[in-house]
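Undergrad: The following block contains the structure, expressed as structure tokens.
The values are calculated or read from the model by the stated rules, or taken from the named source; none is laboratory data. Quick caveat, the model's predicted, so the values are computed rather than measured. Glycine also receives a Cβ, built like all others from the backbone with ideal geometry; neighbour counts cover every protein chain displayed. Note: areas computed on protein heavy atoms with side chains; ligands, DNA, RNA excluded. Shrake-Rupley method; radii C 1.70, N 1.55, O 1.52, S 1.80 Å.
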Amino acid sequence: MSTLLDIQDLRLSFKGLRGITDVLHGISLSIAAGERVALVGESGSGKSVIARIVLGLLQETRSARVSGKVGFDGAEINTMRPRDRAKLRGTEMSMIFQDPTSSLNPTFTIGNQFAEVMRRRDPKLSRAACDARAIEMLTEVSIPNPDRILENYPFQLSGGMNQRVMIAMALVNHPKLLLADEPGTALDVSVQAQTLRLMHDLVEKHGTAVLFISHNLGVVREFADRVYVIYRGNIVEEGPTASVFHNPGHAYTRALMDAVPRITGAGLPEVPEVSDAFLAPMVRHDRGAA
Amino acid sequence: MSSVLRILLRRLGISVIVLIGVSMLIFAIARVIPGDPARIALGPNASAEQVANLRAEMHLDESIFAQYGYFVSDVLRGDLGQSLYTNRPVTTDIVQFLPATLELVIFAGILMVGLGLPLGILAARHRGRWPDHVIRVLTLLTVSAPSFVWAVILMLLFAFYLPLFPVAGRLGDSFDIATVTGFLTIDTLIAGNFSAFLDALSHLVLPSVALSLSGIGQAARLTRANMIETYDKPYIEMAQAFGFFPSRIAKRYAFKPSMIPSLTIIGLDFAAMLGNAFLVEAVFAWPGLSRYGVAVILRKDLNAIMGTVLIIALTFLVVNILVDLLIAFLNPRIRHSTRASS
Ligand SMILES: Nc1ncnc2c1ncn2[C@@H]1O[C@H](COP(=O)(O)OP(=O)(O)OP(=O)(O)O)[C@@H](O)[C@H]1O
Ligand SMILES: [Mg+2]
């Protein structure tokens with residue numbers, strides 16, 4: 001298997017009012033094509049900044065100093081021109097976020113946003129072609145009546161529904177790498193479990209590599225092939241998911257495992273893929289805040 | 001669309017109530033201020049009998065409630081009464097003077113939106129860097145003085161010391177333009193007189209800039225603040241993660257959502273220019289409704305006062321309704337709400 005993402009000795013510091021803060025102290029992490037890798041660590045340990053570096057966003061932040069190597073698909077992200085980095089985003093790599101509803105643009109319809117994303121790959125794509133492809137993709141994430149969803153605004157859909165929309169949007173351009181930063185943590189546990197299983201099946205089918213970021217070891221257990229444990233900007237443990245679970249080497253990993261809430265400690269709760277709750281999630285919020 | 005219609009109907013209902021309230025209030029105040037309107041109108045040489053006749057004709061000896069009743073029944077027939085100052089129907093006066101004020105205010109509004117919003121966007125996109133600093137200092141300057149102060153400053157600078165623009169009025173004396181709309185920039189074009197059009201435009205520059213300067217500053221600062229707040233929203237990060245160009249993110253992801261909270265205040269600022277126009281018109285001898293309003297108040301010309309106030313209140317309300325509709329258009333949450341809200 002070829003290596004898709006190859007991070008070597010990645011260091012990051014921020015220049016602030018009170019001097020320089022080191023955030024990453026030489027991270028090495030790699031993901032093979034089609035591999036699902038989890039990055040687990042407590043809040044503030046440096047998980048999200050790694051994702052932002054892979055996307056090439058932090059390199060463009062003035063206060064951030066990034067050094068080390070970030071190889072992606074044969075190219076070197078850190079030394080790339082900003083516009084070449086931007087070309088990779090949304091096409092070769094994409095990202096899904098913690099809170100699906102607030103991560104979608106509130107003033108455009110789902111169909112509109114799909115079209116925007118698809119035109120990153122092919123700017124000349126007609127709206128009809130975009131819609132057809134979006135409907136295909138929404139069907140893949142088991143959304144009923146996808147043609148109607150295209151005309152909805154994010155606030156008209158439930159959080160679980162928006163999560164599926166976001167997954168579909170992130171995969172519509174067939175990226176090689178999907179970055180998932182605590183996806184669905186804002187949703188309730190059963191909805192989160194459903195969508196994660198869905199995401200799992202989908203990336204497997206498409207052969208998409210995933211960097212799955214979480215602070216919850218239990219959530220990643222069924223999802224990832226391999227796990228990296230990060231603690232204060234250092235990788236403290238790495239290995240196949242099963243062996244890290246059965247034989248945690250580092251004290252911090254054991255502490256993380258003890259901290260896993262019981263409901264997910266034994267893996268994700270069993271929720272049938274198509275339940276009543278799933279078929280009727282199109283909550284219409286009829287009133288604005290006013 | 002039905003929700004937009006509902007907003008419209010509700011706003012129209014509120015507007016009617018506001019108009020009734022304003023008319024009652026001004027009606028009462030105008031009659032409380034000292035001075036006998038009939039005596040003022042007829043002058044010191046009129047006989048007591050003439051004054052008494054005019055008072056009777058104006059129902060001034062009846063109770064204030066009866067007077068308001070006459071007023072309402074006249075207004076419903078589209079009759080605002082005679083002005084004792086111009087000796088013409090008040091409606092005729094308004095038709096003559098209102099377009100000059102509207103032209104000035106609309107021009108100032110175009111400047112406010114056309115300059116204020118882009119400056120705000122520019123500052124927000126380059127926040128913390130020099131374009132932001134320059135724009136913030138300049139806009140702080142413009143909002144820190146009221147429009148009549150700017151009127152005097154601009155007049156001194158660009159009409160006296162540096163005579164680039166005319167000092168006063170709407171049009172040079174040498175032009176004779178037939179009135180069609182009352183908007184000179186439009187009427188001159190209708191007349192096909194391009195040099196008159198340019199002259200009218202040059203007369204508009206200083207008053208409309210003076211009137212709009214603080215509005216430009218307000219709009220820019222507000223747009224900047226709301227846009228910077230929007231830049232922290234997760235959907236901006238999502239847009240960045242999808243590799244959209246910064247200019248596209250600014251326009252579609254940061255500007256549009258941030259306009260929704262800004263618009264209400266910008267709309268109010270625009271309506272407030274109607275009031276500020278009073279002083280700016282005074283400085284530039286602009287023959288608009290404001291000058292008329294001041295003149296009729298000093299003469300206690302009751303009908304003309306009522307007419308002027310009502311038409312300004314009406315304009316204010318129309319602007320507010322337009323802003324509300326624009327917000328509904330921009331905000332899908334309002335447009336797509338299906339149930340009546342309380
Ligand atoms: N733009 C920035 N400027 C300064 N410091 C930053 C910036 N972004 C992140 N940091 C710091 O870097 C550290 C790592 O942040 P990061 O967001 O990666 O944490 P995380 O592991 O994702 O945590 P969480 O689970 O809470 O999301 C934190 O201490 C944070 O304060
Ligand atoms: Mg994070």
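Undergrad: Scanning segment A:93-120 for residues that are more than 7 Å from every other protein chain (Cβ to nearest Cβ) and within 14 Å of the chain's Cα centre (by Cα), which turns out surrounded by the fewest Cβ atoms within 10 Å (Cβ to Cβ)?
TA: Among those residues, the one meeting the criterion is A:Q98.
Undergrad: In segment A:1-24, which residues are more than 11 Å from ligand 1 (Cβ to nearest atom), small (G, A, S) and touching a residue at least 40 places away in the same chain (Cβ under 8 Å)?
TA: None - no residue of segment A:1-24 is more than 11 Å from ligand 1 (Cβ to nearest atom), small (G, A, S) and touching a residue at least 40 places away in the same chain (Cβ under 8 Å), so the list stays empty.
Undergrad: Right, B:I216: open to solvent by less than 40 Å² (accessible area, probe 1.4 Å), more than 14 Å from every other protein chain (Cβ to nearest Cβ), modelled with pLDDT of 90 or more and within 30 Å of B:A254 (Cβ to Cβ) or not? Reasoning before the result, please.
TA: Numbers: open to solvent by less than 40 Å² (accessible area, probe 1.4 Å): yes; more than 14 Å from every other protein chain (Cβ to nearest Cβ): yes; modelled with pLDDT of 90 or more: yes; within 30 Å of B:A254 (Cβ to Cβ): yes.
The answer is yes for B:I216.
Undergrad: Next up: State whether one or more residues within segment A:25-32 are part of a strand (DSSP E or B), more than 14 Å from chain B (Cβ to nearest Cβ), within 13 Å of ligand 1 (Cβ to nearest atom) and not aromatic (F, W, Y).
TA: First pass over segment A:25-32, keeping only residues part of a strand (DSSP E or B): A:25-32.
Going one step further and asking which of them are more than 14 Å from chain B (Cβ to nearest Cβ), we end up with A:25-32.
So of that shortlist, the ones also within 13 Å of ligand 1 (Cβ to nearest atom) come out as A:25, A:27.
After this cut, where a residue has to be not aromatic (F, W, Y) as well, the list is A:25, A:27.
Yes, the conditions are met somewhere in segment A:25-32.
Undergrad: Can you tell me which of (1) of a type in the set (D, E); (2) surrounded by fewer than 19 Cβ atoms within 10 Å (Cβ to Cβ); (3) closer than 28 Å to B:G288 by Cα is the one B:E62 doesn't meet?
TA: (3)
Undergrad: Can you report the number of residues in segment A:65-87 which are open to solvent by less than 30 Å² (accessible area, probe 1.4 Å) and within 14 Å of chain B (Cβ to nearest Cβ)?
TA: 4
Undergrad: Here's a follow-up. In segment A:34-55, which residues are assigned to a loop (DSSP other than H, G, I, E, B), more than 14 Å from every other protein chain (Cβ to nearest Cβ) and more than 10 Å from ligand 1 (Cβ to nearest atom)?
TA: Step one: list which residues in segment A:34-55 are assigned to a loop (DSSP other than H, G, I, E, B), which gives A:34-35, A:41-46, A:55.
Filter again for more than 14 Å from every other protein chain (Cβ to nearest Cβ), leaving A:34-35, A:41-46.
A:G34, A:E35 - these are the residues of segment A:34-55 that are assigned to a loop (DSSP other than H, G, I, E, B), more than 14 Å from every other protein chain (Cβ to nearest Cβ) and more than 10 Å from ligand 1 (Cβ to nearest atom).
Undergrad: Just to be sure, is A:I77 more than 16 Å from ligand 2 (Cβ to nearest atom) and over 19 Å from the mean Cα position of the chain (by Cα)? Step through it out loud before you land on a result.
TA: On the way: more than 16 Å from ligand 2 (Cβ to nearest atom): yes; over 19 Å from the mean Cα position of the chain (by Cα): no.
So A:I77 does not fit the description; no.
Undergrad: Quick one: is A:R127 within 16 Å of ligand 1 (Cβ to nearest atom), without any contact (Cβ under 8 Å) to a residue 40 or more places away in the chain and either facing another protein chain (nearest Cβ under 9 Å) or charged (D, E, K, R) (or both)? Before the answer, list the steps.
TA: Numbers: within 16 Å of ligand 1 (Cβ to nearest atom): no; without any contact (Cβ under 8 Å) to a residue 40 or more places away in the chain: yes; either facing another protein chain (nearest Cβ under 9 Å) or charged (D, E, K, R) (or both): yes.
In short, no.
Undergrad: Those residues that are more than 10 Å from chain A (Cβ to nearest Cβ) and either in a helix (DSSP H, G or I) or under 30 Å from B:A151 (Cα atoms) (or both), I need them from segment B:231-248; list them, please.
TA: Going through segment B:231-248, the residues more than 10 Å from chain A (Cβ to nearest Cβ) turn out to be B:231-232, B:247.
Hits for segment B:231-248 are B:Y231, B:S247.
Undergrad: Among (1) closer than 19 Å to B:A313 by Cα; (2) in contact with an Asp or Glu (Cβ under 9 Å, 6 or more places away or on another chain); (3) open to solvent by less than 40 Å² (accessible area, probe 1.4 Å), there is one condition B:T91 misses while meeting the rest; what is its number?
TA: In the conditions (1) closer than 19 Å to B:A313 by Cα; (2) in contact with an Asp or Glu (Cβ under 9 Å, 6 or more places away or on another chain); (3) open to solvent by less than 40 Å² (accessible area, probe 1.4 Å), B:T91 misses (3) alone.
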